[in-house]
1. Looking for something surrounded by fewer than 16 Cβ atoms within 10 Å (Cβ to Cβ), among the hydrophobic types (A, V, I, L, M, F, W, C), out of contact with any Gly (no Cβ under 6 Å at 6 or more places or on another chain) and on the phi < 0 side of the Ramachandran plot - is there at least one such residue anywhere in the range 115-131?
2. Could we say that GLU131 is acidic (Asp, Glu), under 17 Å from the mean Cα position of the chain (by Cα) and within 19 Å of GLN24 (Cα to Cα) here?
3. If a residue must be more than 13 Å from TRP112 (Cα to Cα) and surrounded by fewer than 20 Cβ atoms within 10 Å (Cβ to Cβ), how many such residues does the range 69-84 contain?
4. Just one of (1) out of contact with any strand residue (DSSP E or B) (no Cβ under 7 Å at 6 or more places or on another chain); (2) buried (at least 16 other Cβ atoms within 10 Å of the Cβ) trips up THR90, so point out which.
5. Can you tell me how many residues within the range 36-66 are free of Cβ contacts under 8 Å to residues at least 24 places away in the same chain and surrounded by 15 or more Cβ atoms within 10 Å (Cβ to Cβ)?
6. Go through the range 67-113 and count every residue that is in contact (Cβ under 8 Å) with a residue 24 or more places away in the chain and acidic (Asp, Glu).
7. Take the range 53-81 and flag every residue that is more than 20 Å from TRP42 (Cβ to Cβ) and either of a type in the set (Lys, Arg) or out of contact with any helix residue (DSSP H, G or I) (no Cβ under 8 Å at 6 or more places or on another chain) (or both).
Amino acid sequence: MKKLILTIIAVVALSFAASAQITQIKSTQLPAQARTTIRNAWNGAPIVDAWRNKEGRKVEYKASVEDGSTMKFNAGGQWIEVKSYGGVPTNLFPKALLSHLDKYFEDRQIVWATKTPKRYQVQLTDGSKLEFNAKGVFQAFL
């Protein structure tokens with residue numbers, strides 16, 4: 001009985017692993033909006049790697065630029081995550097969010113951020129994690 005349960009668990013785990021398809025793609029295969037966002041955020045820096053991740057019907061893209069910064073995009077090309085240890089470009093955020101950071105965290109940069117239609121989450125160089133609404137108004141520390 002124990003062997004049967006372990007076999008079933010292994011089959012289920014393998015079926016989930018097999019459903020995700022991560023494929024390296026050419027940068028030109030990224031959605032147009034994703035390419036535009038990268039070009040604007042990193043002042044035309046070349047894309048060095050691009051990937052498509054397909055799990056069932058869900059498709060996401062990931063790209064990296066020369067300095068090692070990475071961005072994830074949804075199927076429509078809107079950014080959903082960005083990571084840059086040199087500092088995430090500020091032109092990706094609403095002015096209210098940047099004003100709050102300038103006022104209370106003036107010497108720190110954003111090194112990681114996620115975005116949904118309702119919120120932004122950011123992590124700063126000192127490890128602080130903050131949440132803002134879609135308009136950039138501070139909501140909470142995480």
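1. no
2. Values: acidic (Asp, Glu): yes; under 17 Å from the mean Cα position of the chain (by Cα): yes; within 19 Å of GLN24 (Cα to Cα): no.
No: the conditions fail for GLU131.
3. So in the range 69-84, the residues more than 13 Å from TRP112 (Cα to Cα) come out as 73-78.
If we keep only those that are surrounded by fewer than 20 Cβ atoms within 10 Å (Cβ to Cβ) too, we end up with 74-78.
Selection size over the range 69-84: 5.
4. All conditions pass for THR90, except number (2).
5. 5
6. 2
7. Selection gives ASN53, LYS54, ARG57, LYS58, VAL59, ALA75.
Values in this text are rule-based calculations from the coordinates and carry no lab data. Note that the structure is predicted; figures quoted are calculated from it, not measured. A quick note on method: Cβ atoms are made from the backbone with ideal geometry, for glycine too, and the neighbour counts reach across all protein chains shown.
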